[in-house]
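Colleague: Just passing along the structure, written as structure tokens.
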Amino acid sequence: AVLEDLQDGVAEVGDHQADDEGGEDGENILENSSEERQIMRPETARIMTQLLAKVVDEGTAHSITLGELVDTAGKSGTSGGDKDRLFVGFTPYYTAGIWCGYPTKKQPIGAVEKTHFAVWNEVMQKIHNECVREEEDSLKGFSTQNLVECEYCRDSGQPVPSTVGEIMQAIYAGL
């Protein structure tokens, strides 16, 4: 439910708790209450989600196939010299991140049998097939309520087809 809230611009802050399971009485050793706060307009959160979905649909994480099952978005990253790789992705149900690299960062990762995208995808496929599919007949998607997507000319900023320059896409909040 957290990402569903985030798509509305609401985030839960806090909510940390740890129990001492090794102790005799299972004493609570850390507790931090949480509160929900509006951190951005709902339309802004939905626009960011759509932009991050493009990373999976047609960008650096296009090898992730979870999007065929449920809406998926995320952000990938690397360091200079291919010393490490990162992907943090989410669906309307779960968020997960993966980092691949060496602790010393002295050697590049190079070619690996399974990329960080493949590992993330495999774990999230299993979670969604076992945990989500059993509970729901149809899976939730990302909200596009009040969003408008249009094409425009990169050079002039004018709507397509009134121009002939490079075509770009924009997502904005409608009225």
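Colleague: For the stretch 27-131, which whole percent of the accessible surface, found with a 1.4 angstrom probe, sits on carbon and sulfur atoms?
Modeller: Here it works out to 55 percent.
Colleague: Would you check the accessible area of Asp155, probe 1.4 Å, heavy atoms only, in square angstrom rounded to 10?
Modeller: Spelled out: Asp155, probe radius 1.4 Å, area about 130 Å².
Colleague: Another question, then. Please calculate the 1.4 Å probe accessible area of Ser63, with all protein chains present, and give it to the nearest 10 Å².
Modeller: Surface accessible to solvent at Ser63 totals approximately 70 Å².
Colleague: Take Val70, Val119, Val55 and sort them by solvent-accessible surface of the protein heavy atoms, 1.4 Å probe, largest at the top.
Modeller: Per-residue accessible area, sorted high to low, gives Val119, Val55, Val70.
Colleague: Considering only the other residues whose Cβ falls under 14 Å of the Cβ of Tyr102, what net charge follows from Lys and Arg at +1 and Asp and Glu at -1?
Modeller: The answer is +2.
Colleague: While we're looking at this one, here's another question. Set the bar at 27 Å for Cα to Cα. Now go through Lys114/Lys140; Lys54/Lys105; Lys54/Lys114 and name every pair that lies beyond it.
Modeller: Beyond 27 Å between Cα atoms: Lys114/Lys140; Lys54/Lys105.
The values are calculated or read from the model by the stated rules, or taken from the named source; none is laboratory data. This structure is a prediction, so every number in the text was calculated from the model and none was measured. Because the Cβ atoms are built from the backbone with ideal geometry, glycine has one as well, and the counts that use them run over all protein chains shown. Each accessible area value is taken on the protein alone, full model and side chains, heavy atoms only, with ligands, DNA and RNA left out. Shrake-Rupley method; radii C 1.70, N 1.55, O 1.52, S 1.80 Å.
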